[in-house]
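Just so you know, all these numbers are worked out from the coordinates, no wet-lab data involved. Predicted, not measured: the structure shown is a model, and the values here were computed from it. For neighbour counting, all protein chains shown are included, and Cβ atoms are generated from backbone atoms with ideal geometry for every residue, glycine included.
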Amino acid sequence: MIIRKSSREIEKMAAAGALVAETIAHVGGLLHPGVTTEELDDAAGAFIRERGGIPTSKDYKGYPKAICISPNDVVVHGIPGGFEVGDGDLVTIDVGVTLDGYIADSAYTFGVGDIDDRDQRLLDVAQEALAAGIAEAVVGNSVGDVSHAIQEVVEAGGFAVVRSLVGHGVGRYYHEDPHIPNFGEPGRGPRLSEGLTIAIEPMITAGSPEVLVEDDGWTIRTADGSMSAHFEHTVAITEEGPRVLTPRVGVPGGVNV
Ligand code: MF3
Ligand code: CO
């Protein structure tokens, strides 16, 4: 069931989204060689709670930490722990915040220090794919238009879309209908209407798009060990066009990528 939101509800999601964006920037500022992902998670959880928010991922279906931190070949749902960040790593910070009962969800992949040219291209293409998907998130389009736009950019860039992981509706609940795949045919799937709020989140790889779940039940890695990138925004479909509810602050790139 797709749950459309009133403008009052969208404002609440935007307030949650602003805190999500600030949290991502805060963690990005702490990302340096030698810091552990557990230290980053502790900082993120404290930052969110000090500002009146709840880290949505904590205890979600038993997830043990405040945010997800996914280095290098980890595509999503990396559990913060003893991993030490190193120069040249790609580290995805994926943050959900609940504020006054409403949720926003966003992810950003940081390059740490000096990264390979090919890894920089992976980041650039993933950001461009997110922007292309957002541009299609307009009243009257379908989910397939968003999905197709993302896939086109990723594959034209020489990279691959992970098919088993998708974006989603978001709002009162972390994961609502509809699914937002990162591949598909224009014109297919549910219609986008005013008040829909969706998390658009291309997850892409430099090699094979196949992924594996680790024994911890959460960590999802590329099957071939290739690098991955993941950029996500929470977007409201409005009569005025797509409204990004998690606009970036204080990170490289534009506000809507
Ligand atoms: N933020 C993730 C998403 O983009 C969801 C993480 S669920 C968790 O959908 F339990 F792993 F945190
Ligand atoms: Co999401």
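For the modelled label position 7 Å from the Cα of Asp224 along Cα-to-Cβ, which residues of the stretch 124-162 have backbone nitrogen atoms closer than 16 Å?
Answer for the stretch 124-162: 155-162.
Quick query: amide H of Lys65 versus all other amide H atoms, modeled in the peptide plane; which residues come in under 5 Å with a sequence gap of 5 or more or a different chain?
So Lys65 has HN proximity to Asp59.
Quick one: go through the stretch 159-189 and flag any residue whose amide nitrogen is under 19 Å from the point 7 Å out along the Cα-to-Cβ line of Asp216.
Within reach of a label on Asp216: no residues.
What distance in nm lies between label points placed 7 Å from Cα along the C-beta direction at Val249 and Asp100?
Distance between label points: 1.6 nm.
Output wanted: per-residue J couplings in Hz (rounded whole) for the stretch 251-257, from phi through Karplus 6.51 cos²θ - 1.76 cosθ + 1.60, θ = phi - 60°, x for Gly and Pro.
Here the 3J(HN,Hα) series is 9, x, x, x, 6, 9, 10 Hz.
Under a Cβ-only charge scheme (Lys and Arg +1, Asp and Glu -1), can you give me the dipole magnitude of the stretch 64-215 about the Cα centre, in debye to the nearest 20? Don't jump to the answer; show the numbers that get you there.
Values: 7 positive and 25 negative charges, 106 e Å.
It works out to roughly 500 debye.
Between Arg4 and Glu240, what is the spin-label point distance in nm, taking each point 7 Å from the Cα along the Cα→C-beta axis?
Once both label points are built, they end up 1.9 nm from each other.
Which of the three applies to the stretch 13-69, rounded, prolate or oblate, going by the alpha-carbon gyration tensor with a ≥ b ≥ c and a/c under 1.5 meaning rounded?
Oblate, since a/c reaches 1.5 and b/c is not below a/b.
Could you go through the stretch 229-243 in sequence order and give the Karplus-derived ³J(HN,Hα) for each residue, using 6.51 cos²θ - 1.76 cosθ + 1.60 with θ = phi - 60°, rounded to whole Hz, and x for Gly and Pro?
9, 8, 10, 9, 10, 8, 10, 9, 8, 10, 4, 8, x, x, 10
What shape does the stretch 153-226 have by the C-alpha gyration tensor, where a ≥ b ≥ c are the square roots of the eigenvalues, rounded means a/c under 1.5, and otherwise prolate means a/b greater than b/c and oblate the rest?
Numbers: a/c = 2.96, a/b = 1.40, b/c = 2.12.
Here the stretch 153-226 falls in the oblate category.
Calculate, in nm to one decimal, what Thr36 and Glu152 gain on full extension: separation in residues at 0.36 nm each, minus their alpha carbon distance.
On the way: separation 116, 0.36 × 116 = 41.76 nm, distance 3.55 nm.
Residue separation times 0.36 nm, minus the Cα-Cα distance, leaves 38.2 nm.
Given H placed 1.01 Å from N in the peptide plane, which residues other than close sequence neighbours of Thr92 have an amide H under 5 Å from its amide H?
Hits under the 5 Å cutoff: Ser70, Asn72, Phe110.
Given Cβ point charges of +1 (Lys, Arg) and -1 (Asp, Glu) and nothing else, what value in debye, to the nearest 20, does the dipole of the stretch 82-150 about its Cα centre take? Could you put the intermediate results ahead of the total?
Values: 2 positive and 14 negative charges, 59 e Å.
Result for the stretch 82-150 is approximately 280 debye, rounded to the nearest 20.
Tell me whether the stretch 15-170 comes out rounded, prolate or oblate; compute the Cα gyration tensor, take square roots of the eigenvalues as a ≥ b ≥ c, and use a/c under 1.5 as the rounded threshold.
Values: a/c = 2.01, a/b = 1.17, b/c = 1.71.
Oblate.
Over the chain, what is the relative contact order in percent, taking alpha-carbon pairs closer than 8 angstrom and at least six residues apart? Spell out each step's value before the answer.
On the way: 685 pairs, mean separation 58.9, N = 257.
This gives 23 percent for the chain.
Quick one: which residues, 5+ away or cross-chain, put their amide H under 5 Å from the amide H of Val76? H built at 1.01 Å from N.
Ile220
How large is the dipole of the chain about the Cα centre if only Lys and Arg carry +1 and Asp and Glu carry -1, each at its Cβ, rounded to the nearest 20 debye?
Values: 18 positive and 39 negative charges, 193 e Å.
Dipole of the chain, to the nearest 20 debye: 920 debye.
Pop a pseudo-label 7 angstrom from the Cα along the beta-carbon direction at both Glu50 and Ala135 and give the gap in nm to one decimal.
That separation, rounded to one decimal, is 3.9 nm.
Short version: ³J(HN,Hα) in whole Hz for each residue of the stretch 77-94, in order, from phi by Karplus 6.51 cos²θ - 1.76 cosθ + 1.60 (θ = phi - 60°), x for Gly and Pro, what are they?
Here the 3J(HN,Hα) series is 6, x, 8, x, x, x, 4, 9, 5, x, 4, x, 6, 9, 10, 8, 10, 10 Hz.
Charges on Cβ only, +1 for Lys and Arg, -1 for Asp and Glu, centred on the Cα centroid of the chain; of His179, Gln120, Val251, which one is farthest towards the dipole's positive end?
Final value for the positive-end residue is His179.
Which of the lysines could be linked to Lys5 by a straight reach, that is with a Cα gap under 28 Å, when you skip same-chain ones fewer than 8 residues away?
Correct list for Lys5: Lys58, Lys61.
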